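Enquirer: Pasting a structure here, questions to come.
Values in this text are rule-based calculations from the coordinates and carry no lab data. Just so it is clear, the structure is predicted and the values come from calculations on it, not from any experiment. Methodologically, a virtual Cβ is constructed for each residue, glycine included, from the backbone with ideal geometry; neighbour enumeration extends over all protein chains shown.
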Number of protein chains: 2
Amino acid sequence: MRIPALIDPHVHMREPGATHKEDWASGTAAALVGGFTQVLAMPNTDPPVVDRVSLEKAEQLAVMNARCDFSLYLGAGPNNLARTAELAGKTAGLKLYLDQTYGPLRLDAMSLWQAHFRTWPKDRPLVAHAEGRTLAAAILMAALVDRPLHLAHVATREEILLVRAAKQRGFKVTCEVTPHHLFLTSEDLTGGWGEVRPRLGTQADVDALWAHLAVIDCFATDHAPHTAAEKASAESPPGFPGLETALPLFLTAVHEGRLTLDDVLTRMGDNVRRIFNIPAQPESWVKVDLDKKHTLSAQGMHTKAGWTPFEGWDVHGAVREVMLRGKTVFRDGQVLAQPGYGQRIR
Amino acid sequence: MRIPALIDPHVHMREPGATHKEDWASGTAAALVGGFTQVLAMPNTDPPVVDRVSLEKAEQLAVMNARCDFSLYLGAGPNNLARTAELAGKTAGLKLYLDQTYGPLRLDAMSLWQAHFRTWPKDRPLVAHAEGRTLAAAILMAALVDRPLHLAHVATREEILLVRAAKQRGFKVTCEVTPHHLFLTSEDLTGGWGEVRPRLGTQADVDALWAHLAVIDCFATDHAPHTAAEKASAESPPGFPGLETALPLFLTAVHEGRLTLDDVLTRMGDNVRRIFNIPAQPESWVKVDLDKKHTLSAQGMHTKAGWTPFEGWDVHGAVREVMLRGKTVFRDGQVLAQPGYGQRIR
């Protein structure tokens, strides 16, 4: 059957700076295989995307190499407060790292994030990586300047209950949850293989996320590839690849009756479109085989990561074909779009 | 001149459990010397005050030994959620320790503090020790259950700006600041002598607190005595004595034109009365000598701490006499009230 093409509001393409982990060509090939025709890419590259120069450099690489459509986030830093607003119209949104993450963009001073919350245009997306009580603090901060806030990768029972309470009280918050926080617990992966931020939770956390599906606006992969060698090392960097496994995992959950296909498509399409103000693409769709049984494996995946936390998982549902702006970009295992076919979303 | 008798909403009397640091007789002697005739005592004693049994035990000690009037806080713990509300009417309020402090009462799980915020009667005082982003999270939590919140010992520029912003947006928050956070920076005391929670700030923090006097509802000593030997040790516990130095320090600031006498009396009297719903005491006042120059010294103080962070400070202004419910309880250096003269406030 045909479903609308998917959008992933949270991916790391690793280019510029760490193209041994991923680059725009490999990362967007993985996106197409996963049924995504639009991706919003995070700014913690090397150099990080924090100003006009770094934005244009990263954009140039994306324009040349992306196989699907894209937009880039701007990172909120300690020194770019005065220049973010003028770039807002060209970006996916502003990203604030308020807790420990991969890369140099963490903002420690609350007064600094308050300033960013105030300066960034209210009608442009603002996304925070904020865990636990930092998440609560970020919601307050957004309320104090009366602006919407999108919360990245909500991962715990405590967090989803907080987001629910905030929504019930009329705070302008939206949130996303990753497949790995919905399908894995901290018991499932050993050592560095399980390193990810936010950390994998307990079964109670996972259960709470599923129990509050109505509170979850988006599913986002937080596709954050590192190589198998890096993950096996003593200093395993946090992050999992996710673009090629997300849809099969969710279709399997549909097959098992844990949610409906509409629940999935809303959270991987319409809601993302609305929250991030992303126009629909003409002549773009995904053909899926809902009954296809297969086994997930890093073998044959297009990400450079070379591993997946879902290795060996039996799933129901596969992507057969992807049409992007009138062109078949993926069919029967073959990525047909060339690097450069992808366009900027804005 | 005569001023109204003062109230301190934040003291640690150390009894039961650590009477070598302070007890009700010594601590309330220090209170009277400082011009305070009412004190609200914190629950992190040993055992902590968390239920009817521990409250009644601590109250009994206070009834027997206090020289001034008092009320005891109940501590919010992991296991007393179901039983706090029934005790509310007999307590100063509910105290939540949300950040690192002295004693075992810290609450880590946000869901637990949210439950306490919801359960404790809205018309009874609720006080949080919450620093930095935890303070922001606590303000949000109070808003989510639509209840007032009093913030203990606000100490940094970031915190006072946040409280200001929250008040401006109509959040029901009040706050207190200690003399040590107004008169000392982290440069002023060395090693364990400077250990206190919240930590002493920078000059910029101190300047911001003074600049936002209008945001500060109460001055509270957070009188938290430890002995000089303990403070000199490698494992110095956090806390300063403060009851005998607060008023002279503030009168000196009045003398220097940094604030008015009315600013002081409002924050050490009327505002505390209003926030904590404490009735006025009949025939109670303090006679102060605004021009008296003297030097602060632990020698002759009534606290058992045996030291003060303000040792050697030259001040303007002294307490001459204290009248409590028609009886002279302090005059010319002599504490005249006996242990047991103090009454419960509720």
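Enquirer: Taking each residue in B:128-136, count the Cβ atoms of any other chain within 10 Å of its Cβ, then average. What number comes out?
Expert: Taking the mean over all residues of the peptide, I get 5.
Enquirer: Return the sequence-ordered ³J(HN,Hα) values of the stretch A:58-67 in whole Hz as given by the Karplus equation 6.51 cos²θ - 1.76 cosθ + 1.60 applied to θ = phi - 60°, using x for Gly and Pro.
Expert: 5, 5, 4, 5, 5, 4, 6, 10, 6, 9
Enquirer: To the nearest µm²/s, what D does Stokes-Einstein give for chain A at 4 °C and 1.567 mPa s, using the Kirkwood radius over alpha carbon pairs as Rh? Walk me through the intermediate numbers first.
Expert: On the way: Rh = 19.8 Å.
The estimated diffusion coefficient comes to 65 µm²/s.
Enquirer: Just check the protein assembly as shown against the gyration tensor rule for me: Cα atoms, a ≥ b ≥ c as the square roots of the eigenvalues, rounded for a/c under 1.5, and otherwise prolate or oblate depending on whether a/b exceeds b/c.
Expert: prolate
Enquirer: Which trypsin sites (Lys or Arg not before Pro) in the stretch B:206-308 sit in a loop by DSSP (not H, G, I, E or B) and have at most 15 other Cβ atoms within 10 Å of their own Cβ?
Expert: Those that pass, being in a loop and sparsely packed, are B:Arg258.
Enquirer: What are the label-to-label distances in nm, one decimal and shortest first, from A:Arg273 to the same spot in the other copies, with labels 7 Å along Cα to Cβ?
Expert: Here the equivalent label points are 6.3 nm apart from this one.
Enquirer: Would you mind giving the mean number of other chain beta-carbons within 10 Å of the Cβ of each residue in B:152-158, as a whole number? Write out the running numbers ahead of the final one.
Expert: Values: counts 0, 0, 0, 0, 2, 2, 5.
Taking all residues of B:152-158 together, the mean is 1.
Enquirer: Hey, fewest Cβ within 10 Å first, where do A:Trp113, A:Trp210 land in order?
Expert: Ranking A:Trp113, A:Trp210 by Cβ neighbours within 10 Å, fewest first, gives A:Trp210, A:Trp113.
Enquirer: Can you give the FRET efficiency to the nearest 0.05 for A:Asp291 and A:Ser186, using r as the Cβ-Cβ distance and R₀ = 25 Å?
Expert: It comes to 0.15.
Enquirer: Where nothing but the Cβ of Lys and Arg (+1) and of Asp and Glu (-1) is charged, how large is the charge dipole of the stretch B:2-335 around its Cα centre, in debye to the nearest 20?
Expert: Using only the charged Cβ atoms, the result is roughly 900 debye.
Enquirer: Under a Cβ-only charge scheme (Lys and Arg +1, Asp and Glu -1), can you give me the dipole magnitude of the protein assembly as shown about the Cα centre, in debye to the nearest 20?
Expert: Around 1620 debye, computed over the protein assembly as shown.
Enquirer: Sticking with this structure for a sec: Rounded to whole Å, give me the distance from the Cα center of the stretch A:145-221 to that of the stretch A:1-56.
Expert: 21 Å
Enquirer: Let me ask something else about it. Could you sort out which of A:Lys293/A:Lys327; A:Lys122/B:Lys172; A:Lys95/A:Lys327; A:Lys172/B:Lys167; A:Lys21/A:Lys231 sit more than 21 Å apart by Cα distance in this structure? Walk me through the numbers before you get to the answer.
Expert: Working: A:Lys293/A:Lys327 27 Å; A:Lys122/B:Lys172 25 Å; A:Lys95/A:Lys327 32 Å; A:Lys172/B:Lys167 19 Å; A:Lys21/A:Lys231 11 Å.
Violating the 21 Å Cα-Cα cut-off are A:Lys293/A:Lys327; A:Lys122/B:Lys172; A:Lys95/A:Lys327.
Enquirer: What whole-number distance in Å separates the alpha-carbon centres of the stretch A:65-104 and the stretch B:309-346?
Expert: Centre-to-centre (Cα) distance: 59 Å.
Enquirer: Given H placed 1.01 Å from N in the peptide plane, which residues other than close sequence neighbours of B:Gly239 have an amide H under 5 Å from its amide H?
Expert: B:Val196, B:Arg197
Enquirer: By count of other Cβ within 10 Å, fewest leading, how are B:Asp188, B:Asp123, B:Asp270 ordered?
Expert: B:Asp123, B:Asp188, B:Asp270
Enquirer: For B:Asn79 and B:Arg106, compute 0.36 nm times the residue count separating them, minus their Cα-Cα distance, and round to one decimal in nm. All intermediate terms of the calculation are to be shown ahead of the outcome.
Expert: Numbers: separation 27, 0.36 × 27 = 9.72 nm, distance 1.22 nm.
Length gained between B:Asn79 and B:Arg106: 8.5 nm.
Enquirer: Using the Karplus equation 6.51 cos²θ - 1.76 cosθ + 1.60 (θ = phi - 60°), what ³J(HN,Hα) coupling, rounded to whole Hz, does each residue of the stretch A:30-39 give in order, writing x for Gly and Pro?
Expert: My calculation for the stretch A:30-39 gives 4, 4, 4, 4, x, x, 8, 10, 9, 9 Hz in order.
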